[in-house]
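Only one structure is covered here, and it is reproduced in the block below.
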Amino acid sequence: MVGQIIASALAAKGHSVMMGTRDVRMTLERDQKTAATRLTLAEWHRQNPQVRLGIFAEAAALGEVIFNATNGFGALPALESAGEANLDGKILIDISNPLDFSQGMPPTLFISNTDSLGEQIQRRFPGLKVVKTLNTVNAYLMVNPQQLAGGDHTLFVSGNDLEAKARVTQYLRDWFGWKDVIDLGDITTARGTEMLLPIWVRLWGALQTPVFNFKVVRQG
Ligand SMILES: NC(=O)c1ccc[n+]([C@@H]2O[C@H](COP(=O)([O-])OP(=O)(O)OC[C@H]3O[C@@H](n4cnc5c(N)ncnc54)[C@H](OP(=O)(O)O)[C@@H]3O)[C@@H](O)[C@H]2O)c1
């Protein structure tokens, strides 16, 4: 769902995009429809033929900037299969959340408090410039959030590399229409945004829609 929305938005801006998956043929044969687009991956791909599909290693090799839109449990395995050499020195925009749905709803966090998935990725791949962001909004709102939910929207970035964070903040503005982006600090601050998910999930239940966001109101 996230991958499709990000890939379509980037392709619409004229970027060359490849979406990674474990097995291209099996992914195209899946009959499961994505909630956001109500299309199977094959149907979506027919509507977005400019987005190439490849295995994770091919997508990582091609990408100057890489988005991690994998299931939380799959994040490290997907990056392992992408290959360290294909990741080294690149920016990874990490959208994943450590959500565990194995006991049903609401999900729990399988990493929290003293660690985060963003940190685990950064520790495992020290050559990667991990910037955690976009994980606190539903996929529908990742691109031009004002269009679906009017008003102001706040987004957060966390990461150790200042230049990478500045570039990602600019990408968020230029590619996806974000205006209020708060730099929380180094990658350990991803603990804070990943731990927003429990309240996010309960707001979803209370509001009966995933189309909402947080706005941080401050003085001055
Ligand atoms: N959905 C949202 O609105 C939303 C919003 C904010 C953040 N997020 C976070 O963004 C991430 C993506 O969410 P999503 O809903 O778009 O999709 P998802 O169903 O959580 O993840 C799909 C992706 O995960 C990969 N994957 C799953 N298990 C794997 C494994 N064992 N090894 C390697 N790769 C594996 C899949 O690869 P294949 O293609 O090979 O199956 C696919 O690329 C999640 O971490 C989620 O928490 C989602």
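The values are calculated or read from the model by the stated rules, or taken from the named source; none is laboratory data. What you are looking at is a predicted structure, and each value in this text was computed from that prediction instead of being measured. Cβ: placed from backbone, ideal geometry, glycine included. Neighbour counts: every protein chain shown. Please note that ligands, DNA and RNA were not included when accessible areas were found on the heavy atoms of the full protein model with its side chains. Shrake-Rupley method; radii C 1.70, N 1.55, O 1.52, S 1.80 Å.
Data overview
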{"read-out": "Unique residue being surrounded by 14 or more Cβ atoms within 10 Å (Cβ to Cβ) and modelled with pLDDT of 95 or more when the list is Asp23, Asp88, Asp94", "value": "Asp94"}
{"read-out": "Filter result for Thr34 (modelled with pLDDT under 95 and open to solvent by less than 40 Å² (accessible area, probe 1.4 Å))", "value": "yes"}
{"read-out": "Region 37-89, residues that are farther than 25 Å from Gln122 by Cα, in a helix (DSSP H, G or I) and free of Cβ contacts under 8 Å to residues at least 40 places away in the same chain", "value": "Leu41, Ala42, Glu43, His45, Arg46, Gln47"}
{"read-out": "Residues of region 73-98 classified as out of contact with any Phe, Trp or Tyr (no Cβ under 7 Å at 6 or more places or on another chain) and on the phi < 0 side of the Ramachandran plot, total", "value": "15"}
{"read-out": "Residues being more than 10 Å from the ligand (Cβ to nearest atom), open to solvent by 10 Å² or more (accessible area, probe 1.4 Å) and closer than 21 Å to Ile182 by Cβ - total across region 120-146", "value": "5"}
{"read-out": "Matching residues in region 8-20 - criterion: being touching a helix residue (DSSP H, G or I) at 6+ places or on another chain (Cβ under 9 Å), assigned to a helix (DSSP H, G or I) and open to solvent by 30 Å² or more (accessible area, probe 1.4 Å)", "value": "Ser8"}
{"read-out": "Region 169-181, subset under 13 Å from Thr133 (Cα atoms) and out of contact with any Ser or Thr (no Cβ under 6 Å at 6 or more places or on another chain), residue surrounded by the most Cβ atoms within 10 Å (Cβ to Cβ)", "value": "Trp178"}
{"read-out": "Residue selected from region 134-156 under the condition assigned to a loop (DSSP other than H, G, I, E, B) and in contact with a Lys or Arg (Cβ under 8 Å, 6 or more places away or on another chain), by the criterion farthest from Leu196 (Cα to Cα)", "value": "Gly151"}
